[in-house]
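S.K.: Shown below is the structure under consideration.
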Amino acid sequence: MRIIFMGTPDFSVGTLEALIAAGHDVCLAVTQPDKPKGRGREMQFPPVKEAALTHDIPVFQPKRIREPECVEVLKEYQADIMVVIAFGQILPKEILEMTPFGCVNVHASLLPKYRGAAPIQWAIINGETETGVTTMQMDEGLDTGDMILKTVVEITPEDTGESLHDKLARAGATLCVRTLEEIENHTAVFTPQGETTTEYARMLTKDMGSIDWTRPAAETARLVRGLNSWPSAYTVWNEKTMKIWCAEAVQGESGEAPGTIVEVRRQEFAVQTGAGQLLVREVQIPGKKRMDAGAFLRGYHIEPGAVLKHTS
């Protein structure tokens with residue numbers, strides 16, 4: 001099929017590569033504009049742009065895809081279908097209905113659960129044991145279109161936002177190829193979505209990573225996992241922001257106030273929470289790289305009774 005591909009981050013790249021490998025004609029890659037990044041503020045290509053250029057695919061980077069001149073650019077390519085995965089802009093009806101087969105979206109949840117911008121992270125934060133990928137025919141709603149295919153992916157106790165992202169990206173690439181095969185063969189079944197059983201998976205912000213030590217340890221451990229690798233869970237130690245990258249919830253009540261370090265061991269330290277304790281195993285402080293807790297404790301003096309603070 002002749003495809004206009006719309007996507008921006010790393011999550012989209014695997015699907016683009018899979019469509020090319022399957023023999024589809026990706027005639028245009030549409031992605032977000034280049035952005036400055038790092039201390040030098042050098043302009044950086046979005047991952048989809050980098051991948052498209054390696055395959056000599058034309059790249060279009062509109063600031064606002066709904067502008068009339070941008071819509072006209074898309075029409076020129078006379079595609080059969082558009083594939084959209086984490087593009088980052090809302091598509092108007094004129095684009096949704098532009099091609100014979102419309103727009104197919106690859107969404108990282110088992111719809112109708114976790115509609116929204118951050119389904120991967122919220123599935124972990126909320127304690128789900130499984131999630132998946134759904135392909136759907138896009139409509140004007142937010143992730144409300146008719147479902148085509150689904151695939152289930154297990155969430156293990158060790159999964160982080162980053163590891164689950166990679167698993168779902170691979171699953172989504174395979175599922176998209178299957179979906180286009182069924183659409184092209186006219187065997188695809190389009191199933192309307194029911195009511196969602198979860199809240200909208202709202203976009204992540206840095207401030208949501210601030211650890212509230214009055215919350216249960218199990219909830220905090222899921223927050224640590226879900227926000228790894230961005231924006232990260234963090235607390236305040238010795239007037240410094242301490243990011244916590246790896247931690248485990250365990251039972252235990254010390255009688256100390258939430259946020260108090262109650263035990264310091266060779267490779268970890270335990271923090272009292274509102275219910276249970278959090279064993280902290282990997283941290284990072286400003287100006288330093290991520291390090292296991294053992295390395296941190298060898299370089300910095302911490303004793304039981306020290307208090308980690310919540311920033312509100």
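S.K.: Taking Cα pairs under 8 Å and at least six residues apart, what relative contact order does segment 247-286 come out at, in percent?
M.R.: 43 percent
S.K.: Give me D292, D207 ranked fewest to most by other Cβ atoms within 10 Å of their Cβ, as a rough exposure proxy. The partial results should precede the final answer.
M.R.: Values: D292 16, D207 10.
Ascending Cβ contact count within 10 Å gives the list D207, D292.
S.K.: For the chain, with a Gaussian network of springs between Cα atoms less than 10 Å apart, report the residue from V48, V152, V224 with the top mean-square fluctuation.
M.R.: In this elastic network of the chain, the residue with the biggest mean-square fluctuation among V48, V152, V224 is V152.
S.K.: Among DSSP beta bridges lying fully in the chain, give the percent that are antiparallel, nearest 5.
M.R.: Roughly 70 percent of the beta bridges in the chain run antiparallel, per DSSP.
S.K.: What ranking of E219, E158, E199 emerges when the number of other C-beta atoms within 10 Å of each C-beta is taken as an exposure proxy, fewest first? Can you show the working numbers first?
M.R.: Details: E219 19, E158 8, E199 12.
Going from sparsest to densest Cβ surroundings: E158, E199, E219.
S.K.: Next question, about the same structure. With contacts defined as alpha carbon pairs under 8 Å and 6 or more residues apart, what's the relative contact order of segment 116-242 in percent?
M.R.: The normalised contact order for segment 116-242 reaches 32 percent.
S.K.: Going by C-beta contacts inside 10 Å, put T129, T311, T31, T235 in order with the fewest on the left.
M.R.: T129, T311, T235, T31
S.K.: Let me ask something else. If you build a Gaussian network model of the chain, linking Cα atoms that sit under 10 Å apart, which residue out of E182, E195, E130 swings the most?
M.R.: E195
S.K.: Between segment 238-265 and segment 129-177, what is the separation of their alpha carbon centroids in Å?
M.R.: 34 Å
S.K.: Would you mind checking segment 181-199 for residues with the amide N under 17 Å from a putative spin-label position 7 Å along Cα→C-beta of C27?
M.R.: It comes to 184, nothing else.
S.K.: Which lysines, on any chain, are close to K93 with Cα under 23 Å apart, when same-chain ones fewer than 8 places away are left out?
M.R.: K63, K75
S.K.: What nm value, rounded to one decimal, do you get for the distance between E303 and R178 when each label is placed 7 Å out toward the C-beta?
M.R.: Going from the E303 label point to the R178 one covers 5.9 nm.
S.K.: Report the relative contact order of the chain, percent, no decimals, based on alpha-carbon pairs under 8 angstrom and at least 6 residues apart. Intermediate results must be reported in sequence, preceding the final value.
M.R.: On the way: 684 pairs, mean separation 41.1, N = 312.
Normalised by residue count, the contact order of the chain is 13 percent.
S.K.: So which aspartates and glutamates can K167 reach, going by Cα to Cα under 20 Å and dropping same-chain residues fewer than 8 places off?
M.R.: Output for K167: D10, E17, E128, E130, E154, E158, D159.
S.K.: Can I ask one more? In segment 206-299, what is the count of Lys pairs whose alpha carbons are under 13 Å apart, counting only pairs at least 8 residues apart or on separate chains?
M.R.: 4
S.K.: Loop-only trypsin sites (Lys or Arg not before Pro) in segment 273-312, please: DSSP not H, G, I, E or B, and at most 16 other Cβ atoms within 10 Å. Please list the in-between numbers first.
M.R.: On the way: sites: R281, K288, K289, R290, R298, K309; in loops: K288, K289, R290.
Within segment 273-312, the qualifying trypsin sites (Lys or Arg not before Pro) (loop, at most 16 other Cβ atoms within 10 Å) are K288, K289, R290.
S.K.: Let me ask something else. Viscosity 0.692 mPa s, temperature 37 °C: Stokes-Einstein D of segment 2-184 from its Kirkwood Cα radius, in µm² per second?
M.R.: Approximately 197 µm²/s, per Stokes-Einstein.
S.K.: So the label point goes 7 Å from the Cα of E97 along Cα→C-beta, right? Which residues of segment 117-161 then have their backbone N under 18 Å from it?
M.R.: Only 137-142, 144-146 fall inside the zone, counting backbone N under 18 Å.
S.K.: Can you bin the chain into rounded, prolate or oblate? Criterion: square roots of the alpha carbon gyration tensor eigenvalues sorted a ≥ b ≥ c, rounded for a/c under 1.5, prolate for a/b above b/c, oblate for the rest.
M.R.: Note, shape of the chain comes out prolate.
S.K.: What nm distance separates the two modelled labels at V73 and D146, each placed 7 Å from Cα along Cα→Cβ?
M.R.: Label-label distance for V73 and D146, simple model: 3.1 nm.
S.K.: Something else now. So what's segment 206-299 giving for Cα Rg divided by 2.2 N^0.38 Å, two decimals?
M.R.: Relative to the rule-of-thumb radius for its length, segment 206-299 sits at 0.97.
S.K.: Find, among the GluC sites (Glu not before Pro) in segment 226-303, those assigned to loop by DSSP (not H, G, I, E, B) with at most 16 other beta-carbon atoms within 10 angstrom. Spell out each step's value before the answer.
M.R.: Details: sites: E239, E248, E253, E256, E263, E268, E282; in loops: E239, E253, E256, E268.
Answer in residue order: E239, E253, E256.
S.K.: A further question on this structure: Just grab the label-to-label distance for K37 and T214, each label 7 Å out from Cα along the Cβ direction, in nm (one decimal).
M.R.: Using points 7 Å along Cα→Cβ, the separation is 3.9 nm.
We did not get these values from a lab; they are worked out from the coordinates using the rules stated. Predicted model, so just to flag it, every value in this text is computed and none were measured. Counting neighbours? That spans all protein chains shown, and the Cβs are built from the backbone with ideal geometry, glycine included.
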